[in-house]
Amino acid sequence: MATVAYLAILIALITALAMHRASLIGWAVGLSVAILAAQLGFFGGGNQFPPSSFTGIAVWLIPAVLALLAVPAIRRRLLIEPAFNLVRKILPRVSDTERQALDAGTVGFDAELFSGTPNWNKLHDLPAVTLTHEERAFLDGPTEELCRMANDWQIRFQKKEIPQEIWDFVAKNGFLGMLISKEHGGLGFSPQAQSLILGKISSRSPDVATIVMVPNSLGPGELIEKYGTPEQKSHYLPRLATGKEIPCFSLTGPTSGSDAATMRDIGRVERGMHDGNEVLGIRLNWDKRYITLGPKATLVGLAFRLFDPDNLLGKGDDIGITLALIPADHPGVEIGRRHLPSGSAFPNGPNWGKDVFIPLDWVIGGSERVGQGWRMLMECLAAGRAISLPSSATAGAKAMLRHTSAYARIRKQFGIPIARMDGIAQPLARIAESAYVNEAARGVTATSVTAGEKPSVISALMKYQTTERMRQAVNDAMDIHGGRAICDGPTNYLQAAYQMVPVGITVEGANILTRSLITFTQGALRSHPYLYREIQAAQNEDKKAGLKEFEDAFTSHISYSVSNVFGALFHNLTFGSFGETPLDSGPLAHWYRQLWRQSRNFALVADTAVATLGGGLKTRQMLTGRMADALSELYLLSCVLKRYEDDGSNEDDLPIVELAMRNGLHRFQTALNGAIENFPNPFARSFLSLAVFPFGVPYRPASDTLTRKVARAISEPGEVRDRLTRDIFISNDPDDPTGLLEATLARVIATEAAEKKLDKAIRAGTIRRYHGLNWFDEAAKAGVITAKEAEDLKEAEALVARAIAVDHFDPEEVKPNYKHADDTPGNDHTAEAAE
């Protein structure tokens, strides 16, 4: 019994030393006290380590070795130098493009999750979603008006282009210069405002949103604002802000998509003629494709690899990726015909040039910025990727929820609203989850960017996660609408999103790549507390300085790793009961503890992956993809808890929060368990399984009861539905397809009591409901309902018929060369008019 007590105390001591990351001296002292106490018989039952025995002497070697290693010179000679030399030999060098990508952004809350001990205050210190009075007025004014102007059917089908009046409106009202400072003629809006404005437009017309998004994302405007010369800023920024210049940015080519190192677009420094004078410039040859706004652009931003064979700039031959601004009408510039990405209407197409000479001062930032193009792009992308596509994907999910919840409530089958059917409730609740989670993460991320962060890892996971959840939300909405969704026409409010989903999945880093090769692989370097410091130290040309830097990072890394092992095991054995939480009690405290617990697990698995796979991590893309999913869930769920508090802790939202937390933690454990089960090292695989899942996988997805509760909550008009779909375009015009849904939903709810009486009479056979019969008047005459109720039900029935109707066309009308009139919803090819 005494031995058991001693072992329990010893294990508790070791766990405490490890979790608190004690120093080597602390370990030596702690273990010495434990050994001495045992040898002095403090635990009774005899001496566990008799001093004269071999065991009694040998156990003192452990604290003795630790004490010796605490001496810097000894530690450096026996441990640090061998480790440093080994790492220098086996570590693959980080390429210039990788290094620039890693150095470009900043770390945010992702670093807290990688640490295994997240500081919740860093999340809570971020303010809730707020806009200035000017920004809110713009969202509620010009943005609302632009949404009302956009005729989706006309844009994406009849004309397949953005009408000129839309271009004129966005230019006149400053939409194209939201990120350009007021000093240079722009609106100077915050990233948070840009995100909400882009989202609102996206909820109405993805095509119109694209022409606003691109000038306010990675492109000439942002690049000039941040890196341009004073002359470039004063000339171009006011013209870009007012739409006098339409920009595009040409990065992707046939052979260089995600792999910039293979870029074949080149420039050579030489002297040439420009405006009648001989100047120092660049001779360019390029071939680009997939360039959004390209066919409409007046100003072409171009990325190319610059060479200087005669060393005219004094920077060597291969200078590196460089960015330049070229007027679209400059001699030699060829603007190609249009691509049709998923049948969308926004302008997109190729451009190319052969032997095009430009003066050196057309390089963005001038001659001082030659060769810095990739870093400039990555710095902009680290922030921009967190805003543009997450905003449209979030708004898309909210629009799917708004429209589908209304449709599922007014559409009946088997005598009940389909929203009440289990088969519909499940995808409906899934849409609600996507809308809530996406908005939670969008708000937190946009706030961090507004505060000056450039969260490269978070922006990558946000891009792929929000667009994937948007894809699922659109698919669920299509399934629930059934035939109403697949029959296209001017009253179809889902097709635009359905067509645009693959575009969002593909651009700014295809999701399949962003998930498997960027989020975790770069995150392990950028967000890990010590790994990148160790790599930088090992690659330091000054070996002496590198060794000093390596020692600090390496010893901290060892302490961190030991802490993760014991910390993960402790929190898993105690079911997360001792995880840190910013709340002492309440419904969220449990979830904060579980996220703390799983952050420990994630940090342990991530650190083990880095230690066992090293440079081979890049080739294990199925494993890194699962780790990216796990990291994503931790971040998104942290944002969910913050959103609930920022929204005022409305208890009506708790079922949605619980649904998101249960499903998210289940997805997290599935991803992490999948990564562990596929570790190539069998010892690491067995060790991690024991440490992370000592009792098996702990989480189950949300129950059917909870799923039904959420589906019912969001299919009824009220604050919950409004809160989940805020800041998107919501029409109340019954002549608008989505406004008709809102009007119909209100009328159906208002007449529900009368409808129940009528349905009861129909089931009893008192009233017959067939075409050709006026069952409302019959019910009124029979006293089933009043005359007023009969009239109200007639109105509701007519609205439902319009809302569920599908468009149909004259055969000539759908032929390619048909000349369309100015079609609007309610014209002669809608079902309503035909009937």
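Restricting to the range 408-431, name every residue that is within 15 Å of Gln472 (Cα to Cα) and either open to solvent by 10 Å² or more (accessible area, probe 1.4 Å) or charged (D, E, K, R) (or both). Of everything in the range 408-431, those that are within 15 Å of Gln472 (Cα to Cα) and either open to solvent by 10 Å² or more (accessible area, probe 1.4 Å) or charged (D, E, K, R) (or both) turn out to be Ile424, Gln426, Pro427, Arg430. Criterion applied to Asp828, Asp823, Asp807 was being in a loop (DSSP other than H, G, I, E, B), modelled with pLDDT of 85 or more and within 21 Å of Ile155 (Cα to Cα), and the one residue passing it is Asp807. Contact map, the range 333-361: residues that are within 18 Å of Val208 (Cβ to Cβ) and touching a residue at least 60 places away in the same chain (Cβ under 8 Å) paired with residues that are open to solvent by 90 Å² or more (accessible area, probe 1.4 Å) and part of a strand (DSSP E or B), Cβ distance under 8 Å, separation 6+ or inter-chain. Pairs shown: Pro341/Tyr290. Scanning the range 294-308 for residues that are among the hydrophobic types (A, V, I, L, M, F, W, C), surrounded by fewer than 21 Cβ atoms within 10 Å (Cβ to Cβ) and under 14 Å from Asp265 (Cα atoms) turns up at least one hit. The set of residues in the range 59-89 that are among the basic types (Lys, Arg) and at pLDDT 85 or above comprises Arg75, Arg76, Arg77.
So that you can scan it fast, the table gives a plain yes or no per residue for (1) over 30 Å from Gly141 (Cβ atoms); (2) in contact (Cβ under 8 Å) with a residue 60 or more places away in the chain; (3) charged (D, E, K, R); (4) buried (at least 20 other Cβ atoms within 10 Å of the Cβ):
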site: Ile676; (1), (2), (3), (4): yes, yes, no, yes
site: Pro680; (1), (2), (3), (4): yes, yes, no, no
site: Thr707; (1), (2), (3), (4): yes, yes, no, yes
site: Leu724; (1), (2), (3), (4): no, yes, no, yes
site: Phe729; (1), (2), (3), (4): no, yes, no, yes
site: Glu742; (1), (2), (3), (4): no, yes, yes, yes
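Would you point out the residue of the range 376-402, among those that are at pLDDT 90 or above, of a type outside the set (A, V, I, L, M) and touching an Asp or Glu at 6+ places or on another chain (Cβ under 8 Å), that is surrounded by the most Cβ atoms within 10 Å (Cβ to Cβ)? The qualifying residue surrounded by the most Cβ atoms within 10 Å (Cβ to Cβ) is Thr394. Among the residues of the range 474-488, those identified as in contact with a Pro (Cβ under 9 Å, 6 or more places away or on another chain) and crowded, with 19+ Cβ neighbours inside 10 Å are Asp476, Ala477, Ile480. Scanning the range 54-71 for residues that are part of a helix (DSSP H, G or I) and in contact (Cβ under 8 Å) with a residue 24 or more places away in the chain, we see that the one that is surrounded by the most Cβ atoms within 10 Å (Cβ to Cβ) is Pro63. In the range 237-249, the residue that is farthest from Ala193 (Cα to Cα) out of those that are open to solvent by 20 Å² or more (accessible area, probe 1.4 Å) and part of a helix (DSSP H, G or I) is Arg239. Every condition in (1) touching a Leu at 6+ places or on another chain (Cβ under 9 Å); (2) surrounded by fewer than 20 Cβ atoms within 10 Å (Cβ to Cβ) holds for Arg526 except the one numbered (2).
Yes or no, residue by residue, for (1) touching a residue at least 40 places away in the same chain (Cβ under 8 Å); (2) open to solvent by less than 10 Å² (accessible area, probe 1.4 Å); (3) not in a helix (DSSP H, G or I):
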residue	(1), (2), (3)
Ala193	yes, yes, no
Ile201	yes, yes, no
Asp207	yes, yes, no
Glu222	yes, no, no
Glu231	yes, no, no
His235	no, no, no
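Leu146 falls short on exactly one of the conditions (1) out of contact with any Phe, Trp or Tyr (no Cβ under 9 Å at 6 or more places or on another chain); (2) crowded, with 20+ Cβ neighbours inside 10 Å, and that condition is (1). Going through the range 3-42 one residue at a time, which ones are closer than 23 Å to Leu68 by Cβ, in contact with a Ser or Thr (Cβ under 8 Å, 6 or more places away or on another chain) and assigned to a helix (DSSP H, G or I)? Matches in the range 3-42: Ala18 only.
Applying the criterion of at least 2 residues that are within 30 Å of Ile201 (Cα to Cα) and acidic (Asp, Glu) to the helices (runs of 4 or more DSSP H) found wholly in the range 682-736 leaves 719-724.
Answer yes if at least one residue in the range 452-464 is of a type outside the set (Val, Ile, Thr), under 30 Å from Ile762 (Cα atoms) and open to solvent by less than 10 Å² (accessible area, probe 1.4 Å), and no otherwise. Taking every residue of the range 452-464 in turn, none turns out to be of a type outside the set (Val, Ile, Thr), under 30 Å from Ile762 (Cα atoms) and open to solvent by less than 10 Å² (accessible area, probe 1.4 Å).
The values are calculated or read from the model by the stated rules, or taken from the named source; none is laboratory data. Since we're looking at a predicted model, the values are computed, not measured. Neighbour counts run over all protein chains shown; Cβ positions are idealised from the backbone, glycine included. When the accessible area is computed, the model is the full protein with side chains, heavy atoms only, and any ligands, DNA or RNA have been set aside. Shrake-Rupley method; radii C 1.70, N 1.55, O 1.52, S 1.80 Å.
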